[in-house]
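Okay, so here's the structure we're looking at.
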Amino acid sequence: MKKNQSNKLDAEKKKRQLREAAKYSGLAFQMIAIILLVLFAGMQADKYLGNDFPLFTVIGAFLGVILSLYIALKDFLKKDS
């Protein structure tokens, strides 16, 4: 009987670990997508305006990181509560 309970606990632990891994990997992909999207928009704005210095690309990089961190933290805190 103890062996059966041990197997059930191990199976539950593995399922929980897989769910956690899926949650965090999804969060990482979401952050990467946001950063790349905003960075691409900044590059296109610089290209359209013909800027010598890639001002909007730099701003887009910082905005992308800040926005992705905000969304990730909001999502992380929402899922924990």
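The values are calculated or read from the model by the stated rules, or taken from the named source; none is laboratory data. Computed from a predicted model, the values in this text were never measured in an experiment. Counting neighbours? That spans all protein chains shown, and the Cβs are built from the backbone with ideal geometry, glycine included.
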Positions within segment 21-49 being among the polar types (S, T, N, Q) and farther than 10 Å from Ser68 by Cα, in sequence order | Ser25, Gln44
Criterion: among the basic types (Lys, Arg), out of contact with any Gly (no Cβ under 7 Å at 6 or more places or on another chain) and loosely packed, with under 10 Cβ neighbours inside 10 Å - qualifying residue of Lys78, Lys74 | Lys78
Condition broken by Gly60, with the remaining ones in (1) over 23 Å from Leu27 (Cα atoms); (2) surrounded by 15 or more Cβ atoms within 10 Å (Cβ to Cβ); (3) of a type in the set (Gly, Ala, Ser) satisfied = (1)
Regarding Ile66, is this residue at pLDDT below 95 and among the aliphatic types (A, V, I, L, M)?
-> no
What number of residues within segment 24-46 satisfy the criterion of being polar (S, T, N, Q) and farther than 13 Å from Phe76 by Cβ?
-> 2
Sole exception among (1) in a helix (DSSP H, G or I); (2) surrounded by 10 or more Cβ atoms within 10 Å (Cβ to Cβ) for Asn51, by number = (1)
